[in-house]
Amino acid sequence: MLMTSWEDEDINMYVIVGLGNPGIKYAGTRHNVGFDVIDLLSEIYGIEVREQKHKALIGKGRIEGQPILLVKPQTFMNLSGESVGDLLHYYKLDATQDLIVISDDVSLEPGTVRIRRKGSAGGHNGLKNIIAHCHTEEFIRIRIGVGKLPAEGDMIAHVLGRPVPQDRALMELSYDRAAKAVACIVAGQIDQAMNLYNGKVEQAE
């Protein structure tokens with residue numbers, strides 16, 4: 001059920017942002033794994049991500065009893081910070097405490113999840129733009145491995161390409177891990193999330 005009444009409550013709220021590019025053309029690409037995790041969270045918790053606000057599709061609800069926003073920026077990857085910055089400003093939230101960003105990572109093998117409290121953009125343009133708009137690197141990020149760039153490969157073609165079925169199967173297992181990690185984090189258990197879900201999944205759990 002869509003929850004909206006919590007907006008007027010004096011309680012903390014997490015903004016959970018999955019990075020990707022809008023449009024059917026980019027669906028299922030390596031760069032859109034953040035959108036894929038948001039879609040999974042939407043399905044698990046019954047939160048519709050359809051409302052168009054703040055240059056994003058957003059959904060309001062609760063995870064582990066905590067009020068959250070699920071967010072899919074519609075600015076295209078390189079301008080993701082415009083949407084995230086606008087949301088945090090509108091709801092008067094602090095990126096260092098209230099923001100979780102889910103993104104692809106070409107330095108990690110498919111099936112790998114890496115959760116960190118803070119960090120640099122690591123060459124990821126979406127994260128770089130969020131850092132620029134939020135004026136901090138200190139926000140929680142969940143990175144999903146999509147596989148390294150092949151020798152002599154083109155990075156843009158790689159991230160905008162679709163993984164082979166074997167890699168896709170591993171990545172979908174990592175989406176499940178990421179969703180479980182989100183539940184831990186919003187429940188105030190980020191250390192537990194890192195202990196349980198950092199690493200690579202080799203097969204169905």
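The values are calculated or read from the model by the stated rules, or taken from the named source; none is laboratory data. What you are looking at is a predicted structure, and each value in this text was computed from that prediction instead of being measured. Methodologically, a virtual Cβ is constructed for each residue, glycine included, from the backbone with ideal geometry; neighbour enumeration extends over all protein chains shown.
Just to verify a result, which residue in region 4-48, among those that are among the small types (Gly, Ala, Ser), at pLDDT 95 or above and surrounded by fewer than 18 Cβ atoms within 10 Å (Cβ to Cβ), is nearest to Gln74 (Cα to Cα)? That would be Gly23. Pairs meeting the criteria (first residue in region 126-148 and under 16 Å from Leu93 (Cα atoms), second residue of a type in the set (S, T, N, Q) and in a loop (DSSP other than H, G, I, E, B), beta carbons under 9 Å, at least 6 apart or on different chains) are Ile131/Ser120; Glu137/Ser120.
Picking from residues in region 52-68 that are within 20 Å of His135 (Cβ to Cβ) and of a type outside the set (Gly, Ala, Ser), the one that is surrounded by the fewest Cβ atoms within 10 Å (Cβ to Cβ) is Lys55. Of the helices (runs of 4 or more DSSP H) entirely within region 146-205, those holding at least 3 residues that are among the charged types (D, E, K, R), modelled with pLDDT of 95 or more and within 17 Å of the chain's Cα centre (by Cα) occupy 165-186. Here His124 fits the description: modelled with pLDDT under 95 and either buried (at least 20 other Cβ atoms within 10 Å of the Cβ) or on the phi < 0 side of the Ramachandran plot (or both). Residue count for region 173-205, restricted to those that are crowded, with 17+ Cβ neighbours inside 10 Å, within 13 Å of Ile144 (Cα to Cα) and not β-branched (Val, Ile, Thr): 9.
Filter region 73-105 down to the residues that are of a type in the set (D, E, K, R) and surrounded by fewer than 17 Cβ atoms within 10 Å (Cβ to Cβ), then identify the one that is farthest from Ala183 (Cα to Cα).
Only one residue fits best here, namely Lys92.
Candidates in region 66-99 are the residues that are touching a Gly at 6+ places or on another chain (Cβ under 8 Å) and among the hydrophobic types (A, V, I, L, M, F, W, C); of these, the one that is nearest to Asn125 (Cα to Cα) is Met77.
On inspection, Arg141 fails the criterion of being closer than 21 Å to Leu40 by Cβ, touching a Ser or Thr at 6+ places or on another chain (Cβ under 8 Å) and part of a loop (DSSP other than H, G, I, E, B). Restricting attention to region 49-61 and to residues that are touching a helix residue (DSSP H, G or I) at 6+ places or on another chain (Cβ under 7 Å) and in contact (Cβ under 8 Å) with a residue 24 or more places away in the chain, the residue that is farthest from Asp86 (Cα to Cα) turns out to be Gly61.
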